[in-house]
Amino acid sequence: MAFYVFAVIAVVASVLVIAQRNPIYSVLLLIASFGALSGLYVLLEAPFVAVIQIIVYAGAIMVLFLFVVMLLNAPHEETDYDERIHAYEAERGAGVPAERVRGAGAPGVNKVPMRFGGFLAAALAVELVWVLTKGGESGAFPSGAISSVKTIGQLLFTDYAFAFEVTSVLILVAMVGAVVLARRES
Amino acid sequence: MTPLLVAQIGLTLFVFVMLLNSAAVMVYVERKVAAFLQQRLGPYRVGWQGVLQPLADIVKLMFKEELRPKAADAFLFALAPIIAATCAFAAFAVVPFGAETTFGGWLPEGLRLQVADVNVAILVVFAVASMSVYGIVLAGWSSNSKYSLLGGLRSSAQMISYELSYGLALAGVLIIGNSLSLTDIVNRQAGTWLGFIPKWFVFLQPIGFLIYMTAGIAETNRAPFDFPEAEQELVAGYHTEYSSMSFAMFFLAEYVNMVTVSAVATDLFLGGWHGPFLPESLGWIWFLVKVGAILFFYVWMRWTLPRYRYDQLMRFGWKVLLPVAVINLLVTAAGVLYFEL
């Protein structure tokens, strides 16, 4: 029962994230989706993972997302909110340029990233099929071990040390990349 | 309905009502202590020595007009105070405040004086603290007012910065306590060293306690770290546009957050309900005394220290508090390994 409640919330919220026009609401729906996922982890008797999900994703990463969306006033599509703003700014005689308001769907968008995205999606689909057909190999974890912080810590720094560190390096590279892109002299 | 279940439900309601009450009591205490520190009388007209002042305040807030700016985002504007208050109450759910009791044999088995015994309680406290930022950010954004927005942004920047130190201070205790459960950590602090020093973690983690209290004050947006509502610069910060009960929700959230931070500090550093003279079944009295002392400290700080400047706050958080917290954690871990505590 509880599973269906959380599952429905997670799926509906995730769909609405991309169906929403206002980026602030998208961020909030994504948080709701993470919250529902966290509930699913609790049902799987992995409270540690559930709480970490909230701390890391909902508590840290999404706050930064919200921050960025709010600070940059990210180009959002026409919404009630925009109309409010536009009406306000029209009164002051300073309308927002139409270019800024329009999203990525505008004509004349570079085709290369879209092709790359399509390729990536196809690759992921193949991978998904592979995972689904493979089946039966999961369950390597002894039951109850997922909730034990000690087990997770030991596995993370022994068996999975390589994956753990590669992930850290990847995040670091992304951070450096972001700084380089942001500070580029134009 | 078994007696234990009834007792558990009763306990949950009791904690909820007491938290509501604690906010009212804290408003009175705050005003009285402030008056005392400033050589004034404070409220004294409503009831004996003004003890009914909080009730008068509540009635006043209830009958005020509920206003919403025309350009505000209606849904988020209504949601923000709800998030703030919910997060404030949610964190207390995992805080134990007394030993297991049967209420003098009334219950067939012991009842833990705690709403929910979660084995990752410390992390839950931390997670809820990190979620409470949303109430303030959304309040600031949805009001569509420059003061609110700046207040909300400042607050979120401040909370994100101090959350790290807060978390690292918690980590030091859980290394010593060797558990993530608050009940286990409190029970590890029973007894004394040399017969008279209580085995409180504050003596093993003095720096951790200081970091926790500093970050805790910053997390709850209290003076001297109350930038989100710096009157001179931001009118009333993120709740500038709020009135009536939705304003009261933020007010409530602030005081309940203070109580929660104090209660967690008591459990983690001051031995929870353990103390001399009283039997274990009356340990909750010690708990109340300790929480009260920390809350008094909170109020005392507010009326003693001037507000920092915003850049000073950020510099202090990132360049002093965080490195000290990291070093404290490393030293603690090394100490635990070396002495095999």
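General observations
- Axis of helix B:244-269 versus longest Cα principal axis of chain B: the two differ by about 20°, to the nearest ten degrees.
- Tilt relative to chain B, helix B:206-219 - C-alpha long axis, 0 to 90 degrees, to 10: 30 degrees
- Size descriptors for chain B: radius of gyration and Dmax over Cα atoms are 20.7, 66 Å.
- Residue-wise HN-Hα coupling along region B:160-165, computed from phi with Karplus coefficients 6.51, -1.76, 1.60 (Hz; x: Gly, Pro): 5, 5, 7, 4, 4, 5
- Entries in B:Lys60/B:Lys146; B:Lys32/B:Lys146; B:Lys32/B:Lys199 that, when Cα-Cα distance is taken, lie over 29 Å: B:Lys32/B:Lys146; B:Lys32/B:Lys199
- When the alpha-carbon atoms of region B:26-67 are used, the pair Rg, Dmax equals 11.8, 36 angstrom.
- Kirkwood Rh, Cα atoms: Rg over Rh of region B:49-190: 1.10
- Residue-level accessible surface for B:Ser165, protein heavy atoms, 1.4 Å, Å²: 0 Å²
- Treating each Cα of the protein assembly as shown as one equal point scatterer and applying the Debye formula with no solvent, the log10 of I(q)/I(0) at q = 0.08, 0.10 Å⁻¹ comes out as -0.61, -0.95.
- Accessible surface ranking for A:Thr158, B:Thr214, 1.4 angstrom probe, highest first: A:Thr158, B:Thr214.
The values are calculated or read from the model by the stated rules, or taken from the named source; none is laboratory data. Since the structure is predicted, the reported quantities are computational estimates derived from the model, not experimental observations. Only protein heavy atoms, including side chains, enter the accessible area calculation; ligands, DNA and RNA are left aside. Shrake-Rupley method; radii C 1.70, N 1.55, O 1.52, S 1.80 Å.
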